[in-house]
Amino acid sequence: MLDRSNIGILIVVVAFSFALRFWGVGDAKYFVGDESMDIPASENYVAAGQFTPEFWFHPPLNYFLLQGSMKTFGDNPYGWRMKNVLAGSLSAAALFLLALELCADARVACAASMLLAIDPLHVFMSRTVLVEVSAVFFCTLCLYFSLRYFRGSTRSPVPAGFFLGLCVASRWYYLVCVICLFAFAVFKTFQEKRWRWLNIGHLFSAWVLLPLGMYLLAFAPWFSRGHTLSEFLQMQLDAYRELQSLDLQWFASDFLRSSPSSPWGWFLRPLIDGGLVRRDGGLGQFFVFMNDPPVWLLTFPAAVFMGHRAWKERNRSLAGFVILFLAMYGQFVVVRRPIFLYSSVTFLPFVCILAAFLVVSLMERWRASAWHYGVAMGAIASWGLYLYPLVTGRFVPVSLYVPLFAMGNVHF
């Protein structure tokens, strides 16, 4: 339950998260990464309903978000990146609420939100235009409102369906959430012996029709050019085929082409790629793309631990959380197209809650005191602050990060 003390913690975590993402976000006055393609593409699509050749096969919600950010903050580096700065910062708040609802433990909620706040990949991507950051925010809120509905805290699944629609309109792989959450809702209805066709129809409307309707709505500028529903269906089939046919040579970035990652390795080994941009004596500026080894390597053991706890306590909420994580992760494992580390940010809400749940549970078993918990939180914050200047492209003492570079593929 969210009480006054938790609200104070929530405010501190969000402020800390925002500071990490906002500081220096406008320093680069030029297009970085996909900005050179995304910004013109968003203008063309929102104004004229025309897709550019590069990204026509992706759902277009990000174009609306990007244009909204530029209308609010201007056509400048802040306008280009503030949508993700805000979405990334608020994701920490959404994760706090989700973890508190799932585990009923403020310590887990605080640890999970702090882990997301300082995660090097999430910080890095929150300072770009990439759609994954806002999609993670929507997904976290979807799971929060879904859990509240499943637990009877709210009577309507519509808020969950609304945020699920924003997820689907951002990336296709959230269709797995549509299937799983609708299945969970139907199972809950059977368990409670409330089987009625009217009830199932209501759930189908909220968990399936509403998200798919919002997905269609995201294509309104395209439909306004006179396209029909049959043309839309054909375009979706063509988009799927195009995505499946992509190879490494399609990607314009030399960095991406040289550093594909396997989803099998995301949570099993350190992944650190990058290189030196500039050097000034003992200081260096790096471009680094990395996971967070001390946290991410806990993911699978923590999932097994949470699954065992769910089975032992007959806790359907914990079981559903683990099942949804495995279902979403499974589709990345079997996909044929190249997958890069930035796609793994999709799983950060799961990773952070699983790791926090495991650590807090073990500390509880060892009868750790509040002082020990405070030390653990301080260690989490210190580790994030150590990585922060490196992943945000500031000049850092090279010698301070050599042990980290040795774990990955960073040229210096």
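Every residue in the stretch 338-371 that is open to solvent by 30 Å² or more (accessible area, probe 1.4 Å) and under 22 Å from residue 274 (Cα atoms), please.
Residue satisfying the conditions is 342 alone.
Please find, within the stretch 372-412, the residue that is surrounded by the most Cβ atoms within 10 Å (Cβ to Cβ) out of those that are among the small types (Gly, Ala, Ser) and in a helix (DSSP H, G or I).
384
Restricting the stretch 57-89 to residues that are more than 17 Å from the chain's Cα centre (by Cα) and closer than 18 Å to residue 19 by Cα, which is least open to solvent (accessible area, probe 1.4 Å)?
The extreme case among them is 79.
From the set of residues in the stretch 226-241 that are aliphatic (A, V, I, L, M) and under 27 Å from residue 336 (Cα atoms), which is modelled with the lowest pLDDT?
My answer is 239.
Answer yes or no as to whether residue 54 is acidic (Asp, Glu), open to solvent by less than 10 Å² (accessible area, probe 1.4 Å) and out of contact with any Asp or Glu (no Cβ under 8 Å at 6 or more places or on another chain).
no
Collect the residues in the stretch 22-41 that are over 13 Å from residue 62 (Cβ atoms) and among the small types (Gly, Ala, Ser), keeping them in residue-number order.
Matches in the stretch 22-41: 24, 26, 28, 33, 36.
Out of all the residues in the stretch 318-330, is one or more closer than 30 Å to residue 389 by Cβ and crowded, with 18+ Cβ neighbours inside 10 Å?
no
I need the full set of residues from the stretch 31-42 which are of a type in the set (S, T, N, Q) and open to solvent by less than 20 Å² (accessible area, probe 1.4 Å), in order please.
42
Applying the selection to the stretch 160-174, what residues are at pLDDT below 95 and open to solvent by 50 Å² or more (accessible area, probe 1.4 Å)?
Selection gives 172 alone.
Here are 216, 209, 203: which of them is open to solvent by 70 Å² or more (accessible area, probe 1.4 Å) and either free of Cβ contacts under 8 Å to residues at least 60 places away in the same chain or closer than 26 Å to residue 143 by Cβ (or both)?
209
Given the conditions (1) within 22 Å of residue 303 (Cα to Cα); (2) without any contact (Cβ under 8 Å) to a residue 12 or more places away in the chain; (3) not hydrophobic (A, V, I, L, M, F, W, C), which single one is not true for residue 382?
(1) is the only condition that residue 382 fails.
Within the stretch 372-401, how many residues are more than 15 Å from residue 276 (Cβ to Cβ) and touching a Gly at 6+ places or on another chain (Cβ under 8 Å)?
1
Of all residues in the stretch 8-30, which are open to solvent by 60 Å² or more (accessible area, probe 1.4 Å) and over 23 Å from the mean Cα position of the chain (by Cα)?
Result: 27, 29, 30.
The values are calculated or read from the model by the stated rules, or taken from the named source; none is laboratory data. This one's a predicted model, so the numbers in the text were calculated from it and none came from an experiment. Using ideal geometry, Cβ is built from the backbone for each residue, glycine included, and neighbour counts are taken over all protein chains shown. With ligands, DNA and RNA removed, areas are computed over all heavy atoms of the protein, side chains included. Shrake-Rupley method; radii C 1.70, N 1.55, O 1.52, S 1.80 Å.
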